[in-house]
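Contents: one structure, followed by commentary.
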Amino acid sequence: MTILDLCAYLGLGAAGAATLNLWLGLLLAMRYSPVRLWPHRHFNLFVLHQWTAYATVMFTLSHPVVLLWLRVPRFRVIDLLWPLHSPLQPWINIAGAVALYLLLILLITSLLRLRIGRPIWRSLHYLAFPAVVLVFVHSILTDPLLNDGHPDLLDGGKIFVEACCLLSTAAIVARIILRHKGFRPTPNEHSAKA
């Protein structure tokens, strides 16, 4: 396995973890109950949402760091932190860097949720949507071979990212459609249990 392969796999892990985390976050926002609905068991979605957030940030952080060991083209630490002058694909790399910074803001404010208060935390948590868009823009448009900047959109990794993008878009559309209702029990379900 080469450094470019490792970088690509870490990026795919980040895209997959971000997709799963977005789905779990939207399920929590819509008051999904795994007891009342599927799988009809107690399942702590919040803890799983936290751990997928940690995984997303770790994959996203480690994805560019491995490029420091690449001999050609030579990436410097500044190219990773502010990729405006990175050797290849600077504008696409800026999208990835901004996505990483937004994910870090989301993680830090979530860890400080009780201190900063729910209204501020919730407002900042909407940054997840532009973050995931930037993750997908970076993931789809980046040339993983660092050659000519023309990615093969039918490559297996790109198809995985495109599927994650479609799944995330479907989840966001479902959230918008179910905005005020979500998965809360209807009044008929409450009376049937009583």
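The values are calculated or read from the model by the stated rules, or taken from the named source; none is laboratory data. Just so you know, these numbers come straight off a predicted model, no measurement behind them. A quick note on method: Cβ atoms are made from the backbone with ideal geometry, for glycine too, and the neighbour counts reach across all protein chains shown. Heads up: the accessible areas ignore ligands, DNA and RNA and are worked out on the full protein's heavy atoms, side chains in. Shrake-Rupley method; radii C 1.70, N 1.55, O 1.52, S 1.80 Å.
Points to keep in mind about this one:
- Any hit, segment 132-142, residues being closer than 24 Å to L4 by Cα and hydroxyl-bearing (S, T, Y): yes
- Segment 105-127 residues that are closer than 15 Å to Q50 by Cα, paired with ones that are among the β-branched types (V, I, T) and assigned to a helix (DSSP H, G or I) (beta carbon under 8 Å, 6 or more apart): L107/V57; T109/I116; T109/I120; W121/T109; H125/T109
- Within segment 17-33, residues that are at positive phi have Cβ atoms under 8 Å from residues that are open to solvent by 20 Å² or more (accessible area, probe 1.4 Å) in these pairs: R31/F183; R31/R184, counting only partners at least 6 apart in sequence or on another chain.
- Considering segment 169-194, the residues that are under 15 Å from L28 (Cα atoms) and among the small types (G, A, S) include one that is modelled with the highest pLDDT, namely A171.
- The criterion of at least 2 residues that are in contact with a strand residue (DSSP E or B) (Cβ under 7 Å, 6 or more places away or on another chain) and open to solvent by less than 30 Å² (accessible area, probe 1.4 Å) is met by none of the helices (runs of 4 or more DSSP H) falling completely within segment 106-194.
- Here L20 does not fit the description of being open to solvent by less than 40 Å² (accessible area, probe 1.4 Å) and either closer than 21 Å to A131 by Cβ or in contact with a Cys (Cβ under 8 Å, 6 or more places away or on another chain) (or both).
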